[in-house]
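Here's the structure, in structure tokens; my notes come after.
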Amino acid sequence: MALSEHLLEDEIHPIDIVETLATHHDWEFDRIADDQIAMAVEGQWRTYSITLAWSGYDETLRMVCTFDMEPPEEKMPGLFELLNLVNDQCWAGAFTYWAEQKLMVYRYGLVLAGGNMASADQIDTMIGAAVMSSERYYPALQMLVWGDQTPSEALQVAIAEAYGRA
């Protein structure tokens with residue numbers, strides 16, 4: 001049975017749906033505010049911090065999936081080149097590096113303009129895509145930052161498909 005069949009999505013706040021999904025998947029979470037939730041999702045390579053926030057102003061459910069990364073300064077140009085290559089392969093969402101926080105970030109925004117409602121399946125897929133993309137490109141990022149790989153060489157180690165489900 002689809003997750004959406006477990007929820008009556010009419011008039012349910014998107015963050016309430018996320019909270020139900022987090023409970024369903026047994027993810028640790030913290031409801032930061034009525035319109036924001038943070039959770040930890042375990043992957044193969046590491047645990048990812050995922051925050052979703054609802055903006056009623058522009059009717060967008062924003063998601064950021066982060067993990068720590070402290071590349072040496074001399075690796076930064078290569079890291080940004082690799083991120084451009086990675087983002088060319090991402091259909092939904094994009095990676096960026098927040099240097100001040102020392103975080104690698106996968107971001108996505110689900111626009112629900114016109115009063116549209118997000119389904120549990122949409123949100124579950126959005127979170128799953130963030131974890132799968134992070135899992136797929138994590139080895140390439142590590143090879144570039146801590147190895148002697150060029151961005152193109154590092155990208156070659158990105159696995160084609162992450163196995164399992166977030």
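Side notes on the structure shown:
- Residue pairs whose Cβ atoms lie under 7 Å apart, sitting 6 or more positions apart in sequence or on different chains, and linking a residue in the stretch 118-141 that is under 22 Å from Ile15 (Cα atoms) to a partner that is open to solvent by 10 Å² or more (accessible area, probe 1.4 Å) and of a type in the set (Asp, Glu), are Ser119/Glu9; Ala120/Glu9.
- Matching residues in the stretch 1-47 - criterion: being under 30 Å from Pro139 (Cβ atoms) and at pLDDT below 90: Leu3
- Count of the stretch 31-54 residues which are in a strand (DSSP E or B), more than 18 Å from Gln101 (Cβ to Cβ) and open to solvent by 30 Å² or more (accessible area, probe 1.4 Å): 4
- Taking the conditions (1) surrounded by 15 or more Cβ atoms within 10 Å (Cβ to Cβ); (2) at pLDDT 95 or above in turn, Ser119 satisfies each one other than (2).
- All positions within the stretch 60-73 that are in a loop (DSSP other than H, G, I, E, B) and either more than 22 Å from Ser134 (Cα to Cα) or out of contact with any Lys or Arg (no Cβ under 7 Å at 6 or more places or on another chain) (or both): Pro71, Pro72
- When the criteria are applied in full, Leu79 meets the requirement of being under 18 Å from Ala154 (Cβ atoms) and part of a helix (DSSP H, G or I).
- Some residue of the stretch 137-158 being exposed (fewer than 13 other Cβ atoms within 10 Å of the Cβ) and among the aliphatic types (A, V, I, L, M): no
- Residues that are among the β-branched types (Val, Ile, Thr) and in a helix (DSSP H, G or I) within the stretch 104-153 comprise Ile123, Thr125, Ile127, Val131, Val145, listed in sequence order.
- Evaluation of Tyr57 against (1) assigned to a helix (DSSP H, G or I); (2) open to solvent by 80 Å² or more (accessible area, probe 1.4 Å) (one fails), failing number: (1)
- Candidate set: the stretch 92-116, residues that are of a type in the set (D, E, K, R) and farther than 17 Å from Arg62 by Cβ; chosen: the one most open to solvent (accessible area, probe 1.4 Å): Glu100
The values are calculated or read from the model by the stated rules, or taken from the named source; none is laboratory data. Since the structure is predicted, the reported quantities are computational estimates derived from the model, not experimental observations. Virtual Cβ from ideal backbone geometry, glycine too; neighbours counted across all protein chains shown. Accessible surface areas use protein heavy atoms only, side chains included; no ligands, DNA or RNA. Shrake-Rupley method; radii C 1.70, N 1.55, O 1.52, S 1.80 Å.
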